[in-house]
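Participant: Okay, here's the structure, questions in a sec.
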Amino acid sequence: MSRLVYILNGPNLNLLGLRQPAIYGNETLADVERDCLALAADLGLTVRFHQSNREYELIDWIHQARGEAGGIAINPAAFTHTSVAILDALNAFDGPVIEVHISNVHKREPFRHHSFVSGRADGVIAGCGTQGYLLALRRLDRLIGGG
Ligand code: DQA
């Protein structure tokens, strides 16, 4: 399988480190990207790291990953709880998918307890802060194998 991995981030995650730091922490998305690239280099993975506030852009990146990437780590943010379209796009991707949430969505409001994406995900990481992205990369590394 390809050693290329997509890391996709949904709406408002561009404000990471600025919005609700008590929930999401002080690290910015640029910090997360830097740490993911460093770990990926250690693991011998190539990473495409993207964020968008637009559902269609996330879907287009998932389509791009088809036939190209070995796996996807995705934090769909609020689209987690609303988007059948992102679920359908992920269902059209053959490789492993890890769903990441910085906060523990199960400890929060009931509307965050349901995820459309979990029905497709091979693993779900929630409540581990931004470290969740690094855990997802390690899991994808294991699932993708030697390439
Ligand atoms: C989130 C949790 C979602 O419920 C929320 O809408 C987000 C971020 C998380 O990373 O904890 O924007 O996905």
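Participant: Leaving out ligands, DNA and RNA, and with a 1.4 Å probe, what % of the accessible surface on the chain is carbon or sulfur?
Facilitator: 50 percent
Participant: What shape does the range 63-147 take by its C-alpha gyration tensor, where a ≥ b ≥ c are the square roots of the eigenvalues and a/c under 1.5 counts as rounded, a/b above b/c as prolate, and the rest as oblate?
Facilitator: It comes out oblate by the Cα gyration axes.
Participant: So what is the relative contact order of the chain, in percent, for Cα pairs below 8 Å that sit 6 or more residues apart?
Facilitator: 30 percent
Participant: Once ligands and nucleic acids are excluded and a 1.4 Å probe is used, how much of ASP31 is accessible, expressed in Å² to the nearest 10?
Facilitator: Estimated to the nearest 10 Å², ASP31 gives 40 Å².
Participant: Right, next: If you take every residue apart from ALA126 with its C-beta less than 13 Å away from the C-beta of ALA126, what net charge results, scoring Lys and Arg +1 and Asp and Glu -1?
Facilitator: Local charge sum for ALA126: +2.
Participant: Could you sort 72-83, 32-43, 127-138 so that the peptide with the highest average Cβ count within 10 Å comes first and the rest follow in order?
Facilitator: The densest-packed peptide leads the list: 72-83, 127-138, 32-43.
Participant: Let me ask you something else. Kindly report the accessible area of the chain per residue (heavy atoms of protein chains, probe 1.4 Å, no ligands, DNA or RNA), in Å².
Facilitator: Computed with neighbouring chains in place, this is 47 Å² per residue.
Participant: When all C-alpha to C-alpha distances in the range 1-143 are sorted into bins of 10 Å, what percent of pairs does each bin hold, rounded to whole numbers?
Facilitator: Cα pair-distance distribution for the range 1-143, in percent: 13, 48, 35, 5.
The values are calculated or read from the model by the stated rules, or taken from the named source; none is laboratory data. Owing to the predicted nature of the structure, the values given are computational and were not obtained by experimental measurement. Methodologically, a virtual Cβ is constructed for each residue, glycine included, from the backbone with ideal geometry; neighbour enumeration extends over all protein chains shown. SASA here: full protein model, heavy atoms, side chains in, ligands and nucleic acids out. Shrake-Rupley method; radii C 1.70, N 1.55, O 1.52, S 1.80 Å.
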